[in-house]
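Input: a single structure, listed below in structure tokens.
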Amino acid sequence: MATIGLDYVSTTYKPPTKAGEEIAVKIWDTAGQERFRTITYSFYKQANGVIVCFDVTNQTSFTNVKNWLESIYQHADPNIVKALVGNKIDLEDQRVVPYEDAKLLADQNKMPYFETSAKLNANVDEVINHMMSQVYGKMFAVGAEGTGRDTNTVVIKKSEHGGDGAASGGGKKKGCC
């Protein structure tokens, strides 16, 4: 099912270093649609992490990643945790965006690159676990005091670009990216 406007999933994260502790997590899916771009800006200000997704079978969605990254740099905390995700690897025969091109873009923007299939649930947990680990580390290694953020809630904004996006993680949805 495609995301129209905004969608989110609430879940918890159990840090590996803190036995018994759970942190509330909200994962927002803004679908990457141009008509919702101004709403997306407000999410950047609150987010501790952002996942920028594109469809490996759609060159336009990959091209749009640069615009979304510019938007993140303009509206988000400069230290926000970022990851680039190429989705739909289950459609390898339809791939138009080479792995090397996406990896290069991620490296240029100092973020990791993952390839996933939301349909097959391939590598989705790895992306979420990486983001949670990085966000948790930034929030609590130095201490979140004075950041102006709620230290009991981690918000990761997931952004879909060029596809019929749906949030991954938590609840199961069909038709992601």
Checklist outcome for this item: Cβ pairs under 6 Å, 6+ apart or interchain, first in the stretch 48-64 and within 27 Å of Asp77 (Cα to Cα), second of a type in the set (Lys, Arg), ordered by first then second residue, are Val50/Lys82; Val50/Lys157; Ile51/Lys158; Asp55/Lys88
Item to check | Subset of the stretch 78-100 that is outside any strand (DSSP E or B) and either surrounded by 15 or more Cβ atoms within 10 Å (Cβ to Cβ) or of a type in the set (A, V, I, L, M) (or both) - its residue that is modelled with the lowest pLDDT | outcome: Ile80
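Considering only the stretch 146-153, I want to know if a residue exists there that is modelled with pLDDT under 95, in a strand (DSSP E or B) and either in contact with a Phe, Trp or Tyr (Cβ under 8 Å, 6 or more places away or on another chain) or under 17 Å from Trp28 (Cβ atoms) (or both).
Filtering the stretch 146-153 for residues modelled with pLDDT under 95 gives 146-153.
When the remaining residues are screened for being in a strand (DSSP E or B), the result is 153.
From what's left, either in contact with a Phe, Trp or Tyr (Cβ under 8 Å, 6 or more places away or on another chain) or under 17 Å from Trp28 (Cβ atoms) (or both): 153.
Yes, the conditions are met somewhere in the stretch 146-153.
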Checklist entry - Does the stretch 53-67 hold any residues that are buried (at least 22 other Cβ atoms within 10 Å of the Cβ) and assigned to a helix (DSSP H, G or I), and which are they? => result Ser61, Phe62, Val65
Checklist entry - For the stretch 101-130, which residues satisfy the criterion of being part of a loop (DSSP other than H, G, I, E, B), among the charged types (D, E, K, R) and in contact (Cβ under 8 Å) with a residue 40 or more places away in the chain? => result Lys119
Checklist entry - Which members of the stretch 65-100 meet the condition of being within 24 Å of Asp125 (Cα to Cα) and touching a residue at least 40 places away in the same chain (Cβ under 8 Å)? => result Val65, Trp68, Leu69, Asn79, Val81, Ala83, Val85, Asn87, Lys88, Val97
Checklist outcome for this item: With criteria (1) touching a Cys at 6+ places or on another chain (Cβ under 7 Å); (2) at pLDDT 50 or above; (3) among the charged types (D, E, K, R), Glu160 comes up short on (2)
Item to check | Tally, over the stretch 2-45, of residues that are part of a helix (DSSP H, G or I) and at pLDDT 70 or above | outcome: 3
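The values are calculated or read from the model by the stated rules, or taken from the named source; none is laboratory data. Since the structure is predicted, the reported quantities are computational estimates derived from the model, not experimental observations. For neighbour counting, all protein chains shown are included, and Cβ atoms are generated from backbone atoms with ideal geometry for every residue, glycine included.
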